[in-house]
1. In what sequence, highest mean first, do A:220-230, A:86-96, B:211-221, B:148-158 appear when ranked by Cβ atoms within 10 angstrom?
2. Mind checking which aspartates and glutamates have their Cα closer than 18 Å to the Cα of A:Lys52? Skip sequence neighbours fewer than 8 apart in that chain.
3. What number comes out for the charge environment of B:Asp2, summing +1 per Lys or Arg and -1 per Asp or Glu over other residues with Cβ under 11 Å away?
4. Which residue, B:Thr118, B:Thr265, B:Thr22, has the most motion in a Gaussian network model of chain B that connects Cα atoms within less than 10 Å?
5. In nm, what does the list of distances from A:Pro16 to its counterparts in the other copies look like, shortest first, when each label sits 7 Å along Cα to Cβ?
6. Mind giving me the FRET efficiency for B:Lys281 and A:Lys213? R0 is 41 Å, r the Cβ-Cβ distance, nearest 0.05 is fine.
7. Where the label is 7 Å out from Cα toward Cβ, how close does B:Ala48 come to the same position in every other copy, in nm, shortest first?
8. Under a point spin-label approximation (7 Å from Cα along Cα-to-Cβ), what is the B:Thr22-A:Val173 distance to one decimal in nm?
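Derivation of every value follows stated rules applied to the coordinates shown; laboratory data play no part. Since the structure is predicted, the reported quantities are computational estimates derived from the model, not experimental observations. Neighbour counts are summed over all protein chains in view; Cβ atoms, including those assigned to glycine, are modelled from backbone coordinates with ideal geometry.
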There are 2 protein chains.
Amino acid sequence: MDVLRTGFSAIGAVTPESTTHTEAEARDIADSMLAKTGSLLGYWHHFANSGKRIEVETDDDSIGAHFLHLLHGEKPSALWEKAMHASLVLYAEHEFNASTFTGRVIAGTGADIYSCVTGSIGALSGPKHGGANEVALEIQLRYATADQAEADIRKRVENKEVVIGFGHPVYTVSDPRNEIVKVLTKELATAAGKDNLYDVAERIESVMWEVKKMFPNVDWFSAVAYDAMKIPVNYFTPLFVMARISGWTAHVIEQRNDGKIIRPTATYVGPEDRPYLPIEKR
Amino acid sequence: MDVLRTGFSAIGAVTPESTTHTEAEARDIADSMLAKTGSLLGYWHHFANSGKRIEVETDDDSIGAHFLHLLHGEKPSALWEKAMHASLVLYAEHEFNASTFTGRVIAGTGADIYSCVTGSIGALSGPKHGGANEVALEIQLRYATADQAEADIRKRVENKEVVIGFGHPVYTVSDPRNEIVKVLTKELATAAGKDNLYDVAERIESVMWEVKKMFPNVDWFSAVAYDAMKIPVNYFTPLFVMARISGWTAHVIEQRNDGKIIRPTATYVGPEDRPYLPIEKR
């Protein structure tokens, strides 16, 4: 996430948006950021892990395939490409979440689109926002079998532990994105010989519904899907960036059209009228 | 602004904050960011303008003096140092303005302090937020004399033009910071042989009060002060960053102590229930 935040900030410094802020240019920059995310991640992955400076051009015609190609050094299968597309579309936009709202607050000041996206990436990097799919996999990997998972989760729920990846601030009965992700994940897991991980994830889903009436959010099965495509866990949230840039930048354009600055007022609730003490006497 | 945004983002990537997010570490990082801002700006200034890579260590014991020293290549006068201190203190914190609010939204997700400050810098870069002191100087430099300024401003007000630098979303009768800035600015302008620019600024202030009952915000005389200290206009907003990092980071710490995510909900007001059209038919 630090690499994407810094990378897009640097791109914005070197090739800044015009101060006219036309919608056409903003859309072009948004497209180019979507295209560049996979290259930034793929380049960083190889350079950071083995010092190798890869070429970032491929002949793939989608950003999902391009990313997988750079990551693994070979064209992804049709199934993987399809799964990436579905995942990117499902993560693309989601109303006034914290990173989108960050982008809108920045856009409200008249700042450039790179400042907005840089801020949004920072917000998404927080564990209360974008980090959930990484933690989902950690939980799932704790268990060798679905039965083991069921026994342990029941015990944790009894002990009033929070199981991360369940519940959502907006949805109340289910995350509608989950239905689509689940079908694709099953297919991916079977193809990768990882049915077991899928079974663990599915069993925890049933148990959580049975005992807590809680449903997994979109990150829960996405984690299994990404793992089946051999995507390292620290790229889960950056992939979320790759998808969400479309939503963020659409909101930036909308906020610009609205033309308002977002600037709440605060109510001061601290002590009043304290005597002034010169600094050398403090 | 792009350089500061990218610089702090990169520093956060190379020397990240611990995930424990203790207040003590956050305060240390805040101090170090305050100290580094002048070095980032000074280094960039010389490198961008003449390709010279300067040393960024000085023996100054304040961030204001350090910045002026790097910018001009010599220790600032006692008067300049005092003026910088006053200016930095006055700009340090200002409630829930858009950049501070941006930092709080990012902090609310549990993100690191560099993500928060990077986002705040982006917000401050917007012309509706941090850019006012740059524009103030532009307006003031239009006039050779105070009389010329008065005549033109009266005409513009009659034509219902907006004079930037006047009025404030929070203050209603005056900007209390202005009183302090004005006295120091007079002293700086006289020492620099720039009484004329001060007189122009002061005359516009009187005219705006007389005809519109509007008062200048803190940026109005700050612009004259910075100009007297030979600070190029494109560093006015970056200096604002140098000051405001203290306020931003204090808010980040407060938001973390509060522990809440900031995530408004939106009311959808667009069209409902449109028929689905496959993409190839659109």
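1. My ranking of the peptides, most packed first, is A:220-230, B:211-221, A:86-96, B:148-158.
2. Within the straight-line cut-off, A:Lys52 pairs with A:Glu74.
3. Neighbourhood net charge equals -1.
4. B:Thr265
5. So the distances to the same position in the other copies read 3.0 nm.
6. After rounding, the FRET efficiency stands at 0.50.
7. 2.8
8. 4.9
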